[in-house]
1. Sort through Gly252, Gly238 and tell me the only one that's over 30 Å from Arg129 (Cα atoms), among the small types (Gly, Ala, Ser) and without any contact (Cβ under 8 Å) to a residue 24 or more places away in the chain.
2. Could you say which residue among Ile166, Ile172 is at pLDDT below 95, under 17 Å from Phe88 (Cβ atoms) and surrounded by fewer than 23 Cβ atoms within 10 Å (Cβ to Cβ)?
3. Only residues in segment 74-93 that are modelled with pLDDT of 95 or more count as the first member; pair them with residues that are outside any helix (DSSP H, G or I) and among the small types (Gly, Ala, Ser), Cβ under 7 angstrom, at least 6 apart or cross-chain, and list the lot.
4. Of the conditions (1) on the phi < 0 side of the Ramachandran plot; (2) surrounded by fewer than 21 Cβ atoms within 10 Å (Cβ to Cβ); (3) modelled with pLDDT under 95; (4) not acidic (Asp, Glu), Gly143 fails just one. Which one is it?
5. As an exercise: evaluate Ala224 against (1) assigned by TED's automatic domain parsing to the domain that holds Cys157; (2) more than 30 Å from Asp16 (Cβ to Cβ) and give the number of the one condition it does not meet.
6. Can you confirm whether Val193 is of a type in the set (A, V, I, L, M), modelled with pLDDT under 95 and within 17 Å of the chain's Cα centre (by Cα)?
7. Mind checking which residues of segment 75-105 are among the small types (Gly, Ala, Ser), out of contact with any strand residue (DSSP E or B) (no Cβ under 7 Å at 6 or more places or on another chain) and crowded, with 17+ Cβ neighbours inside 10 Å?
Amino acid sequence: MNRRIFLSTPLRNEIDNIDRLFASVAGQDHPITLWVIVENGSTDGSREELARRTAPSNVERLIVLNENTETGAYALGAKYARIVNRGFEEILARIELGEEDLIGILDADSFPDPGYYTTLARAFDNNQRLGIASGRSVDEGDGRASLHAVDWVRGSCRLWRGRCMIQSGYIIGPSADTLSLARAELDGWQAHVIDKAVFRAREVGTRSKQRYYGSSAYFRGNTAIYALIRGAKFARHGRLGAAKEYLKGYFGARHNRQPRLENPDLRAYFQGYVLRKVKRRLGWK
């Protein structure tokens with residue numbers, strides 16, 4: 001099936017990555033119908049560099065938006081989600097999203113290998129219940145597989161089937177990618193990592209501390225057991241500092257009784273995450 005692909009890229013202070021970002025998109029054999037880059041208050045020359053860029057030959061249209069509606073440092077929470085969504089809004093204002101189109105996020109520090117989008121498109125062709133997919137993430141620098149679970153669909157280089165996006169949407173807030181995936185699964189969609197599609201990215205937590213991810217897990221409704229397992233995974237890989245920061249984030253938010261996700265369906269989804277994982281590993285339904 002010849003699917004249209006639309007991409008939203010949030011970008012702030014990525015001058016060192018722009019060449020590689022454009023090269024990775026140009027290296028795709030699947031055409032990109034529309035690529036929207038939302039530059040947000042860069043101070044390192046990214047804005048000026050993007051103004052000099054033209055669309056790669058396989059991109060039908062490139063739009064660069066210069067937004068500076070919010071101040072402050074890099075953040076992965078609601079601010080990040082609003083920037084991503086600004087790109088989605090621009091796309092949807094210019095096209096009518098078809099049910100079998102593919103729309104997604106390409107972070108400025110995520111670099112898909114050649115054939116990435118063709119491989120994902122084939123996966124959507126082969127599974128009509130597949131709503132969200134990403135490839136396998138490899139951390140920049142050491143070339144190791146990401147410490148995320150191998151079946152975790154990464155938000156930084158993912159695609160939605162058009163029908164899934166229309167039904168389940170993109171949720172703006174802390175952990176937007178995680179919340180959006182949960183909403184899609186609750187709506188009956190599947191989400192899978194396509195192992196043959198590979199992209200390379202900064203290790204999660206390089207720009208924002210793991211404490212953020214710990215507090216986000218508390219916000220979502222993940223249990224303390226989940227947080228301890230996550231912390232143990234960092235420690236097992238020799239990342240004791242990351243483990244400490246993650247657990248500080250989770251248990252600090254718990255101690256301070258910070259706000260939690262209000263949606264009861266989503267809260268229940270995250271509260272049951274560990275049990276679902278155990279059942280899957282044991283082959284239980």
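The values are calculated or read from the model by the stated rules, or taken from the named source; none is laboratory data. Note that the structure is predicted; figures quoted are calculated from it, not measured. Cβ placement follows ideal geometry from the backbone for every residue including glycine, while neighbour counts extend to all protein chains displayed.
1. Details: Gly252 fails: without any contact (Cβ under 8 Å) to a residue 24 or more places away in the chain.
Going through Gly252, Gly238 in turn, just one is over 30 Å from Arg129 (Cα atoms), among the small types (Gly, Ala, Ser) and without any contact (Cβ under 8 Å) to a residue 24 or more places away in the chain: Gly238.
2. Numbers: Ile166 fails: at pLDDT below 95.
Being at pLDDT below 95, under 17 Å from Phe88 (Cβ atoms) and surrounded by fewer than 23 Cβ atoms within 10 Å (Cβ to Cβ) holds for just one of Ile166, Ile172, which is Ile172.
3. Val84/Ser8; Gly87/Ser8; Phe88/Ser8; Ile91/Ser8
4. Only one criterion in (1) on the phi < 0 side of the Ramachandran plot; (2) surrounded by fewer than 21 Cβ atoms within 10 Å (Cβ to Cβ); (3) modelled with pLDDT under 95; (4) not acidic (Asp, Glu) is unmet by Gly143, namely (1).
5. (1)
6. On the way: of a type in the set (A, V, I, L, M): yes; modelled with pLDDT under 95: no; within 17 Å of the chain's Cα centre (by Cα): yes.
Against the criterion (of a type in the set (A, V, I, L, M), modelled with pLDDT under 95 and within 17 Å of the chain's Cα centre (by Cα)), Val193 does not qualify.
7. Kept after step one, since they are among the small types (Gly, Ala, Ser), are these residues of segment 75-105: 75, 77-78, 81, 87, 93, 98, 104.
Applying the additional criterion that residues be out of contact with any strand residue (DSSP E or B) (no Cβ under 7 Å at 6 or more places or on another chain) yields 75, 77-78, 81, 93, 98.
Across segment 75-105, the qualifying residues are Gly77, Ala81.
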